[in-house]
């Protein structure tokens, strides 16, 4: 079982904070879950639209602050979940030893990606959050949480 999970997207203000919060809601307290960005908007809060979608799902992103992904973070986690296929290579460029533990959040849905809703219409945030929620539920099932 994975005890330390890291969720990664680009800016760490839309998708990965939502996935972090959703997985934290679903996982046992013993599982540590964090998030970071490949090109993080360091110390920025979660996007207001991402916060709104999360609120609808009973999640609170108000305390979130974006963090830059580092090699040390990758090494400290057992599983790294990313939103898009191209993020796998980006993570591995930052941390070559992470290669075997980086997977798509949508792995159990035919490797489906979660498109970046940043600076797009509200409907893109809704779709992204729906996918994040569904994919997180699939991970819960696979992990037997």
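Throughout, read-outs are computed from the coordinates displayed, never taken from laboratory work. Since the structure is predicted, the reported quantities are computational estimates derived from the model, not experimental observations. Heads up, the Cβs are rebuilt from the backbone with ideal geometry, glycines too, and the neighbour counts pull from every protein chain shown.
Data for the structure
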quantity	calculated
Ranking of 1, 143 by count of other Cβ atoms within 10 Å, fewest first	1, 143
Theoretical ellipticity at 222 nm over the chain - DSSP helices of four or more residues, -39500 (n - 2.57) apiece, nearest 500	-12500 deg cm²/dmol
The stretch 32-92 shape via C-alpha gyration tensor axes, a/c threshold 1.5	prolate
Most fluctuating residue given options 92, 14, 74, as computed from a GNM of the chain linking Cα atoms under 10 Å	92
Contact order relative to length of the stretch 4-137, as percent, for alpha carbon pairs under 8 angstrom and 6 or more apart	28 percent
Pairwise label distance in nanometres, residue 130 with residue 110, each label 7 Å out on the Cα-Cβ vector	1.7 nm
q = 0.09 Å⁻¹: log10 I(q)/I(0) that the Debye formula gives for the stretch 4-137, counting C-alpha atoms only	-0.21
